[in-house]
Amino acid sequence: MRSLPATLPILFVCEISFLLGHGLIMTLLGVRMSIEGFPSHMAGLLMSSFSLGFVLGSYLLEKRIRSVGHIRVFAACAGILAVTAMLHGLWVNPWAWLAWRLLGGVATAGMLMVMESWVSGESTNENRGRVLALYMIISTLSLAGGQWMLNLSDPAGPALFSLVGMLFALALVPLSIVRIHGPRQTHDIQPQKIRLKALFKRAPVGLVGAFTAGMMVQAFFAMTPFYGQEIGLTTGETARFMAITTMVALFAQWGLGRLSDRIDRRKVILGMAVVMTISGAFVSMLVRIDFWMLVLAACFHTAMLHTLYALSLAHTNDWLEPGEIVAANAKLMIWYGIGSIIGPFSASLVMQAIGPDGLWVFLGGASLLLALFVALRLRRRPGVPVEEVEQEPFVAVPSLETPHFAELDPRLEPTQMEFHFEEGSDDEAQEEAAWHGRMGHHEAVR
């Protein structure tokens, strides 16, 4: 902590309070909906509403941060989250909850955007990897800790919603009582455009992996608490299940990431998809045998699930020039966001059709489709040795709904992300020609 910029420890205290509340409300909503008898498709709609708000917030609040500053946007978003959290307990109505979650998604995007751009702006190439590791550990532990807090009170009452509101409000205090400046801004790398078509040609597995990760991660967080209540788990067992299966991501990212530095990352993603398919098939059978057997099987699944986006991001970055990283990663985040809108509602429809086990049917089916796609790509374009591909070192990222993963990449200094919506065939042709000139023989064998 001594080597960190002075503002970051204060920001990390805010992060802990915010993510404790975020982890608690994610689990609490699924449990409460089951208690209230809400249909399973409403649970999926609720998470899709949050994801829609998250995408909107990522787009709208970037300008407000530039206009009024990080601290003011952070304060406004924390206030909105505190109010909407307590409104869930005051007015228990599924349609009202859709509105609260939409606003909550917007505010959550703003909070994460502020924190991650702040971390990026205050760190350098020399310490960003170390800062990122600390950020990831705090994120994962706080998220899991919030899920454990489900045991503090009866989820059928309003107390836990009030606790969530208090945690969001407390996130304001450190920034409010300390004289603190916003993040430094550096612009050392000139950003370059990259078209979606060109990105798909270079790293189709990365783009499809990001979309699949969005579907599966958000479906898991939205529907697993509901699933736990439907199969007869107690509130304490549901909280333990969510916390433990989230914590495994802390260890899986490092191990799988290091493995992917040594072999073709697509082969690692293929292996992960196969493990998720097999473990998903076993989960629902094991719940009828023993709770801890269920947890063990689910941990195999979630260890792969929470690492999928990071591996997809790393694979994509292997085929990018430094100036293209921000634009390309922005497209991955958009597809992750689209997947996060589709996934929860789709999983809820499968659960409504075949029962609680439908969650794992959905997750296993999505994993199987991903495995088939990656296997097809490997067959069409066999991998090349790691030293020829010149793979970038793996960078672990937290498995959260975070819109600014690229800004935490230790390989580049932060830059302002710009979106270009105009299509131009001349630009695309020039871009493709330039890339082929840079990559040479790699395209022929990839």
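The values are calculated or read from the model by the stated rules, or taken from the named source; none is laboratory data. Remember, predicted model here, so these are calculated numbers, not experimental data. Neighbour counts run over all protein chains shown; Cβ positions are idealised from the backbone, glycine included. These area figures cover heavy atoms from the full protein model, side chains too; ligands, DNA and RNA do not enter into them. Shrake-Rupley method; radii C 1.70, N 1.55, O 1.52, S 1.80 Å.
Using a 1.4 Å probe on the protein chains only, how many percent of the accessible area of the stretch 37-124 belongs to carbon and sulfur?
C and S atoms contribute 73 percent here.
What is the stretch 210-262 by shape, rounded, prolate or oblate, if you read a ≥ b ≥ c off the alpha carbon gyration tensor as root eigenvalues and call it rounded for a/c under 1.5, prolate for a/b larger than b/c, and oblate otherwise?
It is oblate, given that a/c is not under 1.5 and a/b is not larger than b/c.
Could you check the simple spin-label distance between Ser153 and Arg72, using points 7 Å along Cα→Cβ, in nm with one decimal?
For the pair Ser153/Arg72, the computed spacing is 3.4 nm.
If a/c stays under 1.5 just call it rounded; otherwise compare a/b with b/c (prolate if a/b is bigger, oblate if not). Do that for the stretch 28-114, with a ≥ b ≥ c from the square roots of the Cα gyration tensor eigenvalues.
Since a/c reaches 1.5 and a/b is larger than b/c, the shape of the stretch 28-114 is classed as prolate.
About the Cα centre, and with charges only on the beta carbon of Lys, Arg (+1) and Asp, Glu (-1), how big is the dipole of the stretch 225-358? Nearest 20 debye, please.
Magnitude of the dipole: close to 160 debye.
First select every other residue whose beta carbon is under 12 angstrom from the beta carbon of Leu11; then total the charges, Lys and Arg +1, Asp and Glu -1.
Result for the neighbourhood of Leu11: -3.
Could you tell me which of the pairs Lys201/Lys331; Lys197/Lys267; Lys197/Lys331; Lys201/Lys267 are separated by over 20 angstrom between their Cα atoms in the structure shown?
Lys197/Lys267
Which shape class, rounded, prolate or oblate, goes with the stretch 5-70 when its Cα gyration tensor gives a ≥ b ≥ c as root eigenvalues, a/c under 1.5 marks rounded, and past that a/b bigger than b/c marks prolate?
The shape class here is oblate.
Leaving ligands, DNA and RNA out of it, report the carbon-plus-sulfur percent of the accessible area of the stretch 135-258 at a 1.4 Å probe.
Ligands and nucleic acids excluded, carbon and sulfur reach 65 percent.
Please list, by residue number, everything in the stretch 355-383 whose backbone N is under 13 Å from a paramagnetic label point 7 Å out along Cα→Cβ of Lys267.
Of the residues in the stretch 355-383, 378-379, 382-383 have backbone N under 13 Å from the label point off Lys267.
Averaged per residue, what accessible surface does the stretch 196-316 expose to a 1.4 Å probe, in Å²?
On a per-residue basis, 32 Å².
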